[in-house]
1. Please go through the stretch B:436-445 and give me each residue that is out of contact with any helix residue (DSSP H, G or I) (no Cβ under 8 Å at 6 or more places or on another chain) and in contact (Cβ under 8 Å) with a residue 12 or more places away in the chain, ordered by number.
2. Of (1) at the interface with chain B (Cβ under 7 Å from one of its Cβ atoms); (2) more than 26 Å from the chain's Cα centre (by Cα); (3) part of a loop (DSSP other than H, G, I, E, B), A:Gly269 satisfies all except one. Which?
3. Looking only at residues in the stretch B:183-201 that are of a type in the set (A, V, I, L, M) and crowded, with 23+ Cβ neighbours inside 10 Å, which one is farthest from the other protein chains (Cβ to nearest Cβ)?
4. Can you name every residue in the stretch B:508-532 that is within 7 Å of another protein chain (Cβ to nearest Cβ) and hydrophobic (A, V, I, L, M, F, W, C)?
5. Take the stretch B:89-105 and flag every residue that is within 20 Å of the chain's Cα centre (by Cα) and in contact (Cβ under 8 Å) with a residue 12 or more places away in the chain.
6. Filter the strands (runs of 3 or more DSSP E) completely within the stretch A:165-252 down to those with at least 2 residues that are small (Gly, Ala, Ser).
7. Do you know which residues across the stretch B:302-330 are assigned to a helix (DSSP H, G or I) and at positive phi?
2 protein chains.
Amino acid sequence: MGAGSGPGNGPAEMRWWGWGREDHRVPLSAQLARLLDGALGLDGVMRDPVAASEVALPTSTLSPRARQRLEATVGGAWVHTDKTSRILHSGGKGYLDLVAMRNGGPRGAPDAVVYPDSHDAVLAVLSVCANERVAVVPFGGGTSVVGGLAPIAGSQHAVISLDLRRLAGVFSVDRRSLSVSVAAGTRAPALEAVLAEVELTLGHYPDSFEFVSIGGCAATRSVGQASSGYGRIDQAIHGVRFATPAGEMSLAALPASAAGPALRELIVGSEGVLGVITGLLLRVRARPAHRIYEGVLFDGFEAAAEALRIAVQDEATPDVVRLSDELQTRLWLAAGEGGGRRVPRGRHGRRARTAALAIVGWEGQRLSVQRRRLHTMTLLRRGGGTPIGEAAGRAWAASRFTSPYLRDELMARGVLVDQFETATTWTGLEPLRAAVTAALTGALSSLGTPPLIGCQIAHVYETGASLTFTVLARALEHQEGLQWRAAKDAASAAIIRAGATISHHHGVGRDNAGWAAAELGPLGVGSLRALKAQLDPLGVMNPGKLILAG
Amino acid sequence: MGAGSGPGNGPAEMRWWGWGREDHRVPLSAQLARLLDGALGLDGVMRDPVAASEVALPTSTLSPRARQRLEATVGGAWVHTDKTSRILHSGGKGYLDLVAMRNGGPRGAPDAVVYPDSHDAVLAVLSVCANERVAVVPFGGGTSVVGGLAPIAGSQHAVISLDLRRLAGVFSVDRRSLSVSVAAGTRAPALEAVLAEVELTLGHYPDSFEFVSIGGCAATRSVGQASSGYGRIDQAIHGVRFATPAGEMSLAALPASAAGPALRELIVGSEGVLGVITGLLLRVRARPAHRIYEGVLFDGFEAAAEALRIAVQDEATPDVVRLSDELQTRLWLAAGEGGGRRVPRGRHGRRARTAALAIVGWEGQRLSVQRRRLHTMTLLRRGGGTPIGEAAGRAWAASRFTSPYLRDELMARGVLVDQFETATTWTGLEPLRAAVTAALTGALSSLGTPPLIGCQIAHVYETGASLTFTVLARALEHQEGLQWRAAKDAASAAIIRAGATISHHHGVGRDNAGWAAAELGPLGVGSLRALKAQLDPLGVMNPGKLILAG
C-alpha cells in the first residue's frame, strides 16, 4: 500500500500501521535500545507489521441507497469504499489502534470514506446520514490517541468516515485584528505556511503537528508545545461554524462577549458527537522574529516544579516548558545518542544522568525574548536550576515531533508504550504524580511486566500544571489490550480519585469516556445528552465517544 | 424606609429608588449641570422620587402552602413578604427600573423574598418551587442594568426573589495554587477584604463593585475596570457549584481540561435561567504592591484607539484602560470641577477640552509596573499621546465607582441616561462606533430629544476592544419607557447588523434577550432551551430572561 493515497492534492496519508509518511522513520538509538532491553526484559526480536494484503476488514454494510445518496451529494469520485481507504480510516494513532493494525486486525473499519468539500456539503452529508441511519465519524488529521476515530456504527446500519481534507484553506486574514478565518480541515503546517507569508502565526504545535487538522484540534481541545505562551487552542478560538444533523450554528465572539452562556465552548471539545466543526475564527499573533530554547538541570523533579511555579506566578512564564523527571531525562538523553541531540559533556553530562531536565523557551521580538528569558532564568537559578545552554534547546527543537515515530520503533521491539496525561493544581501535583506512578507500577508489575514510568510537566499555569506520564513495559503478546486496559484503568482511577482531570490535552474519545462521566457527574452527562438530543436527534454523530450515547 | 434593612449582619441595602447607601450621594458639579442644561434643553427643575409609602405593589399571589413549605425549608424568619423587602427586590438598577421606582410604580415585585444559607438550602428551595410552581429570580447584589432581576412569574403562580446574601464567605484559600473557593453570595468588597489579609486579590472591579456579588458576576460574565490586566471574570472561574431544579452539578477544571465541552462555560453567563451558582473556584493573583494610573491626551478617539491597538499587540497592555472620546472627556472633566478631580491646567487644560483622554494603569510589583509602564507609554507617545501625569489617574481612581451615583442626580434633573455596550474587532471598531452613534442620535432626535452620545473603550484585547456608549437626553416625562426603547432598539439593531456582540459586560437579562437570540441563531437558542428543559423542566428559573422561555 503506497503513501499519499488520499484524493487530490491534499496532505499525504500516514503509514497505515504507524506514524508518519512511509518514507520517514526515526530509528531508536543503540543506547536507548540497550537501556530498555535491560530494564524491561525484552527479547531483542524485531516484530514487523503484517503485510497490507493480510489485513482483514469486515464487509461493508452501507446500503446501496445510502451510498447513492452520498454520491449524489459529494460526487461519485468522493465516496470511497476501497480497502486502502477503509484501512486508512479505521482508527486513530493510539497504542491499541496500532497494536491492532500491526496484527492485521483493525478494530472495525468505516463502510465508506466520504470527502465533502464545503460547509454546505457537510450539512448535506449529515442530512443524508440521518435519513439513512448511517453513523458519521468526522476525520481530520487522523491523529486521535484516545479512540476518537473508532468506526462504531452504534444503532445505525453502517458507519462512514467523514474525511475533511477538502475543507482546507484560509478564508480571510484580518491583520489589524490579529484574526483569521480558516476551513476546519486545514492541516496545521499548511495554516502556518499561509500565516508565515503575512508574518503571523497561530503558535499551536502539538506533538501531532505534522498531520493534525485545525478543526481536529478544536474538536478535542488540543494543547500545543508552546501553549504556556500562545495559549491552548480553546483560548485562540473566537468563532466557530458548526454543521449538525439539525442544521448549522455560527457563533463568533470577537474579542469577547457577555451575551449569555458561551455555546462556542460546547462545540469546542465536542469531538464529533454533536456535529462537525467546519470553520474557525482564530486569534493569531505576530510571527516571532526570535526563538530561544535552552536546557536547565535540577536536582529533582519536585524542586524543578517548585521553581517553575514561582516563575509562572511572578509573571515569568516561558512560552515553552518541558520539565522531564529523572527517568524521562535519562531516556531522552539516551534517545539522542548518536543523533542530532547532544548530550551535555563533562560536569553537566554526569549530572544530567541523575537530574531532571527542563527545556524552556521564548519566542517573540528580540528585546522581549531577552528580557523575559533573563527574568525566568534568574528565578530558575534561584530555585536550584543550572542552565546548560542552547544546545539542549536546539536538540529538543530538532526532535520535537519525533516521539510518535519512536513509538513505532518501540512497538516493533515488543514494548507497550503510551502516555497518560492530566492536570491539577500546584498543591496537588506531587500527590497526583505519586499516586499515578504507584498505580501504573502496581498494575503492570502484577502482570509480570514491571514498567518504567516517566513523568513530564508540559504546560504551566498560574494555578497548576499538566502531568504527562510515559509508560513503558514489555508487551504481553496477544494480550496487549488487557495489559493496556489494566494500566489505563489504574492510572485513570488514581486521577479521578485525586480530583484531577481525566485529560488535559488528548481529549476523551472512547478510551476516557467512562472516566469523563465520573468527572462531569450525572447531571453534567445528562446536559450533554440533552444537547445531543437537540442537535443529533437520531444519534448518528460519532457513536460511542465522549458521552457513550448512540 | 431605612437603609440596611437586609437581615442579619449582611451587606447594607441600596436605596430603593437609586444607587448606593442612603447616607451617600455624589452631587453633580455646577459645571456639568450647566453644560447639560444647555446642551439637552433641561428645565432646571429637580424631581424627587415619590415617598416609599406611595409605592404601590401588586398583591402577593404566593399560595399559603408554598409559603409554608419555603418556611419549613429555610426557617420562618427567612421568608419575607413585607413591603420593604419586596420593594428592595423588585428589580435591578437599570434606567427603566429606576424610572419606575422613582415614579412609585415598580415593574412588578416578588411575592416573597427567600434567604437560603447554604448550597443544600438552595437545592431544597428550588425543589419546593418546582413542586409548587413558583418562579425563582436569583438575587445577588441586585445590580443588574439589563432587567435580569425583573420579578416575572411566567407560567408559574407566583415568583420569589432568592436573595443569596447568606451564602457568603471564603471556604478555602490555596495560596500555592493561587486559587480560592468562595460562596457565591459573597460581595466583591468582602471577598477582596479576606484576600487582602493573605496578600491576594481577584482584581475584579466592575463599576458596581461596591455592591455586586461574586456569583452575580459569574452568572452575567462581568468584566471589571482592570480586566485588561486581570482578565474577565469568566477567565478567573476554574470551577463552579450549581444548584438546579434537577439536582446539582459541580465542575472544576484546574488549571485546564480537555475532557470534552466546557459545561462550566454554560453555567457562567446563564443568568439564573438554568439554576443558581452557589460556589466558585477562582484564580486569584498576588496583591499588587504598587499601582499607577495616569492620563494621556490624544487629538482624537480614532488615533488613540490605534495607539492602544499597537500597544496591546506589542505585549504592552496596561491593566487598566479607559479611553474616552472627546465628548466623554469633556463631560468627565466637567463632572470633576470643584471635586477631588483635577482638571489639567495650562496648555494641557486647554487641549483637554477638545481631546480624547485615556486613563491607563498598571498594578503589580514595582519593577514590573515601571517596565510595563515605560513600554506602553513609549508606544502611546509614538501614537500621538501626550502624558498629563498621575493627577488625572488619581482623580479617576478616586471616582471610579461614582458613575451610578451620578446617574441618580441626572435622573433627578430629568435626564434619560444609560450606557449601551458592545465589543468588536479593531478593524470593526470605527464603523461600529459611527453606526451606533448615528442610530442613537437619529432615534432620539426624531423624538425631539437630540442626545449627547459619548463613547469609551474600557477593555482591550489582542483582537479588538469593547465600546461603551453613554447616552444623555432630555427625558420625555411619562414616556421614558418608549423613549428609552427607541434608543435601545436603534443601538441594538446597529450592533447586530455590524456583527458585533449585544453585550460585552452587562449581560442579556430581559432587555437584550431578543437581540441575543439574533446573535445566537435559532439552533443556538434551541440548544440553550434544550439545556433548560433538562435542568429546569418546569421552567421555574428566572422566566423571561436570556432566552425568553418560561
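The values are calculated or read from the model by the stated rules, or taken from the named source; none is laboratory data. Only a predicted model underlies this, so the values are computations on that prediction, with no experimental measurement involved. Don't worry about glycine lacking a Cβ; one is built from the backbone with ideal geometry, like all the others, and counts go over all protein chains shown.
1. B:Thr437, B:Thr441
2. Of the numbered conditions (1) at the interface with chain B (Cβ under 7 Å from one of its Cβ atoms); (2) more than 26 Å from the chain's Cα centre (by Cα); (3) part of a loop (DSSP other than H, G, I, E, B), the odd one out for A:Gly269 is (2).
3. My answer is B:Ala183.
4. Listed by number, the residues that qualify are B:Val508, B:Ala516, B:Leu520, B:Leu523, B:Leu528, B:Ala530, B:Leu531.
5. If the condition is that a residue be within 20 Å of the chain's Cα centre (by Cα) and in contact (Cβ under 8 Å) with a residue 12 or more places away in the chain, then B:His89, B:Ser90, B:Gly91, B:Gly92, B:Lys93, B:Gly94, B:Tyr95, B:Leu96, B:Asp97, B:Leu98, B:Val99, B:Met101 are the ones that fit.
6. By residue number, A:179-183, A:237-244, A:247-252.
7. Matches in the stretch B:302-330: none.
Residue-by-condition table, conditions (1) closer than 19 Å to A:Gly141 by Cβ; (2) among the charged types (D, E, K, R); (3) in contact with a helix residue (DSSP H, G or I) (Cβ under 9 Å, 6 or more places away or on another chain):
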position: A:Met14; (1), (2), (3): yes, no, yes
position: A:Ala30; (1), (2), (3): no, no, no
position: A:Gly38; (1), (2), (3): no, no, no
position: A:Ile87; (1), (2), (3): yes, no, yes
position: A:Gly105; (1), (2), (3): no, no, no
position: A:Ala112; (1), (2), (3): no, no, yes
